[in-house]
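Here's the structure, in structure tokens; my notes come after.
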Amino acid sequence: MIWNTSYRAAYGARLLADRHYNRQSIGHPNFVPPGRCAVFYAETDTGKAFWVTSWPFAEYVKHAWAGAWICSAFRNEGAALSSLLIRQAVAATRSIWQPPKLGMITFVDRSKVRRKRDPGRCYRKAGFQVCGETGGGLLALQLTPEDMPAAEPAIGAQLGLWA
């Protein structure tokens, strides 16, 4: 496990978040959407990365995957394979919560990423499948609970009473 537990306003993760294409308020201390979240940060001799799993309450969601976990941000500025980091972040999220029926969703803005044959390639390599598009044209990728890796806590995670 490479990920460390972090929080929604961690300085190191915020600096990476400021360079992510979906960042709304560059420089603002909080880089995570409101609601339940799991934030992970990794810093090694080969680079840095951060991940945010959001779990908004379904009644406040306007897309077709209400109730799913959402990877609301991921940035890898290191040598580690992004698909490996994604699988580990999902495993770390599973160590906190039981996955919802819809699993995890992420949205890719095809106009904001490097041109590739298949946008969201690192997510696809991690097991995510294309499941649709949002009303605003974002590509939706989904990882169902049965395709998720087993739960594994991030470094520094406080284990629940059931562990």
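The values are calculated or read from the model by the stated rules, or taken from the named source; none is laboratory data. None of the values given here were measured: they were computed from a predicted structure. Cβ sites come from the backbone with ideal geometry, for glycine too, and all protein chains shown count toward neighbours.
Yes/no matrix, rows are residues, columns are (1) more than 23 Å from ARG36 (Cα to Cα); (2) among the basic types (Lys, Arg); (3) modelled with pLDDT of 95 or more; (4) buried (at least 21 other Cβ atoms within 10 Å of the Cβ):
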| position | (1), (2), (3), (4) |
| --- | --- |
| HIS63 | no, no, no, no |
| LEU81 | yes, no, no, no |
| ARG87 | no, yes, yes, no |
| LEU102 | no, no, yes, no |
| ARG124 | yes, yes, yes, no |
| VAL130 | yes, no, yes, no |
| GLY135 | yes, no, no, no |
| LEU141 | no, no, yes, yes |
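Does TRP65 qualify as being over 24 Å from TYR7 (Cβ atoms), in a loop (DSSP other than H, G, I, E, B) and aromatic (Phe, Trp, Tyr)? Spelling it out, TRP65 is indeed over 24 Å from TYR7 (Cβ atoms), in a loop (DSSP other than H, G, I, E, B) and aromatic (Phe, Trp, Tyr).
Is it true that SER25 is among the polar types (S, T, N, Q), modelled with pLDDT under 95, surrounded by fewer than 14 Cβ atoms within 10 Å (Cβ to Cβ) and more than 19 Å from ILE155 (Cβ to Cβ)? So SER25 passes the test.
Go through segment 113-148 residue by residue and tally those that are in contact (Cβ under 8 Å) with a residue 60 or more places away in the chain and of a type outside the set (Val, Ile, Thr). Selection size over segment 113-148: 5. Taking segment 86-163 and the strands (runs of 3 or more DSSP E) fully enclosed by it, the elements with 1 or more residues that are charged (D, E, K, R) are at 129-133. Taken together, the residues in segment 1-47 that are among the hydrophobic types (A, V, I, L, M, F, W, C), part of a helix (DSSP H, G or I) and either without any contact (Cβ under 8 Å) to a residue 60 or more places away in the chain or in contact with a helix residue (DSSP H, G or I) (Cβ under 9 Å, 6 or more places away or on another chain) (or both) amount to 3.
Answer with yes or no whether ARG110 is surrounded by 13 or more Cβ atoms within 10 Å (Cβ to Cβ), in contact (Cβ under 8 Å) with a residue 24 or more places away in the chain, charged (D, E, K, R) and out of contact with any helix residue (DSSP H, G or I) (no Cβ under 9 Å at 6 or more places or on another chain). Yes, satisfied. Looking across segment 28-43 at every residue that is hydrophobic (A, V, I, L, M, F, W, C) and touching a Phe, Trp or Tyr at 6+ places or on another chain (Cβ under 6 Å), the one that is surrounded by the fewest Cβ atoms within 10 Å (Cβ to Cβ) is identified as VAL39. Residue under question is GLY67, and the condition is that it be out of contact with any Leu (no Cβ under 9 Å at 6 or more places or on another chain) and either buried (at least 20 other Cβ atoms within 10 Å of the Cβ) or not acidic (Asp, Glu) (or both); does it hold? No: the conditions fail for GLY67. The numbered conditions (1) at pLDDT below 95; (2) out of contact with any Lys or Arg (no Cβ under 8 Å at 6 or more places or on another chain) are all true for ALA42 except (2).
Among residues of segment 48-61 being touching a residue at least 12 places away in the same chain (Cβ under 8 Å) and assigned to a loop (DSSP other than H, G, I, E, B), the one that is farthest from the chain's Cα centre (by Cα) is PHE57.
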